[in-house]
1. Could you give every pair whose Cβ atoms fall below 6 Å, whose first residue belongs to region 14-32 and is of a type in the set (Gly, Ala, Ser), and whose second residue is at pLDDT 80 or above, counting only separations of at least 6 or pairs across chains?
2. With the requirement that a residue be under 13 Å from the mean Cα position of the chain (by Cα) and outside any helix (DSSP H, G or I), what does region 1-48 give you?
3. Output the residues belonging to region 200-226 that are open to solvent by 30 Å² or more (accessible area, probe 1.4 Å) and either of a type in the set (A, V, I, L, M, F, W, C) or not in a loop (DSSP other than H, G, I, E, B) (or both).
4. It is to be established whether one or more residues within region 118-135 are over 29 Å from Arg325 (Cα atoms), open to solvent by less than 10 Å² (accessible area, probe 1.4 Å) and not aliphatic (A, V, I, L, M).
5. Restricting attention to region 279-305, and to residues there that are of a type in the set (A, V, I, L, M, F, W, C) and open to solvent by 40 Å² or more (accessible area, probe 1.4 Å), which single residue is nearest to Val471 (Cα to Cα)?
6. Mind checking which residues of region 227-246 are surrounded by 15 or more Cβ atoms within 10 Å (Cβ to Cβ) and at pLDDT below 85?
7. Return yes or no: is Phe82 more than 23 Å from Ala407 (Cα to Cα) and either in contact with a Gly (Cβ under 9 Å, 6 or more places away or on another chain) or not in a helix (DSSP H, G or I) (or both)?
8. Are there any pairs, at least 6 apart or on different chains, whose C-beta atoms fall under 6 Å, with the first in region 461-474 and modelled with pLDDT of 90 or more and the second of a type in the set (A, V, I, L, M, F, W, C) and open to solvent by less than 20 Å² (accessible area, probe 1.4 Å), and if so, which?
Amino acid sequence: MMSNHSTRTIAISAFAGLLVTYVETMITPALPILVSFFDTNYDHLSWIITAYIISGTVSSAIFGRLADMYGKKNIFVILAVFYTIAVSFGGFAKTLEQLIIIRTVQGIGMGMFPVSFALINDQVSKQRLALAQGIVSSTFSGGAAIGLVIGAWITQNYGWQWSYHSSIPVAILLVILASVYLHDESERKPAEIDFVGVGSLGIAIVSFILAISEGEYWGWSSPSIIGLFLFSALMFFVFVLYERNAPEPFIRMDLLRIRNVFLANLTGLFAMSGMFFLFYTVPALLQDPEPAGFGISIVESGLILLPAAVLNMAFAPLAAMTTTRRGPKVAIIIGLIILLFSYLGLYFNRSSILAILEDSAVMGMGISFIFVGIINILLISVPRDRSGESTGMNVVFRNIGTSLAPAIGGVMETMFVTYTIVGAVPANFYGLPVIPVLESFPSSEAYDAIYMIGMAFVIVAMFLSIFMKNVIVGGERK
């Protein structure tokens, strides 16, 4: 039996997962609408995801450390407040730049997840840890299901702004529940924040993604783009060099010397990229007008993606059972194999809405196995008093992967386009009574390129996972 404290911690963590994934997933089917609303393209729009992810990356690492220093409950509540403030302003953005800034502040709240996983690790026995993590992970899919359907319905009928407005009272409720019911008796450890490490890694990531996003416009061989890539590489080098000697490093190289920690983090990076290639492309493919897409509504596209979220949630207990009985390595490999089959389906068979539904649903099953396995192999492989640091580091790696997917996808969707008639202007045009109005949309070649890259990322993740050491509660297997 679990204690009342651990049950409440799991419940509040699950509630946070529902809220955050609802807010994030409601953005997914709205991407084509936001392109029109802000009069932009998919490449520039990708920054509303990228800015959130980069901010969340920095936040997760910093606040994972602060949670060990000043108390996990205190930090969780502070992050919930940050998130609530950002959500409250989200629906009032008038320009793309404003929404990007709001999303950057919103990303700070992502630090709640490594903190909540660490709280669960403190309060739940190892025998029940996989189940507890599976419960929380499944609620991420539940929130996604709500966002894909209810969020899409709100967006279609009342505007995307009201998707944000509807989240405000729920976010306030999370702050209240966390303040009143979260319990934390973990030992606090004095430490310092590595601002040099945080800053150098953040600059390196932003420079790299900016170069990818703007390469088509500035010219891939232009001095600006080449300079950005070189500057990014230099900052990564500075980051690694400094972290090796820092007294309180942002990412502890000694943790990365643990085989499972290093491989699980890299696997999470590539797997998360693979997942977000789907989320960033399928709404456009479904909603863009024929022949570029299928021309369906935002609610219909949300319903098409819904089975992926439902199956993700439904397979979480099986993923937890596999992790407990066979070890997290087995769960991760199973998930990656499923993910690869999903991409093969999207590459070779996306000629109908039903085919896309089937392929995305298969991906939902795979994601459940992958991330239940990754979280558990990390928590089992590190000392309990470093759980917050370990999960925070994992979020950093996963978010780097997540931020790459929209940037790369946006480039492909802008580079490979097809032109479609979207309207007509009355006029005498070479004997015709109207002038056709053409707009560019991502072409089939764009999706082919994105899904090929996605498959490559998944194959790399599979290769890395083979070398993990399988750890099972009560014993070990290699």
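The values are calculated or read from the model by the stated rules, or taken from the named source; none is laboratory data. Treat the numbers as computed from the prediction; the structure is a model and nothing was measured. FYI the Cβ positions are ideal-geometry reconstructions off the backbone, even for glycines, and counts take in every protein chain you see. The accessibility values were calculated without ligands, DNA or RNA, using every heavy atom of the protein model including side chains. Shrake-Rupley method; radii C 1.70, N 1.55, O 1.52, S 1.80 Å.
1. Ala16/Met112; Ala16/Leu174; Ala30/Thr155; Ala30/Trp160
2. The answer is Ser46, and nothing else.
3. Of everything in region 200-226, those that are open to solvent by 30 Å² or more (accessible area, probe 1.4 Å) and either of a type in the set (A, V, I, L, M, F, W, C) or not in a loop (DSSP other than H, G, I, E, B) (or both) turn out to be Ile203, Val206, Phe208, Leu210, Glu216, Tyr217, Trp218, Trp220, Pro223, Ser224, Ile226.
4. Checking region 118-135: not a single residue is over 29 Å from Arg325 (Cα atoms), open to solvent by less than 10 Å² (accessible area, probe 1.4 Å) and not aliphatic (A, V, I, L, M).
5. Phe279
6. Result: Ala246, single match.
7. When the stated conditions are applied, Phe82 passes them.
8. Here the result reads Ala461/Ala271; Ala461/Leu336; Met462/Leu336; Leu464/Leu263; Ser465/Ile332; Phe467/Leu263; Met468/Leu263, each pair linking region 461-474 to a residue that is of a type in the set (A, V, I, L, M, F, W, C) and open to solvent by less than 20 Å² (accessible area, probe 1.4 Å).
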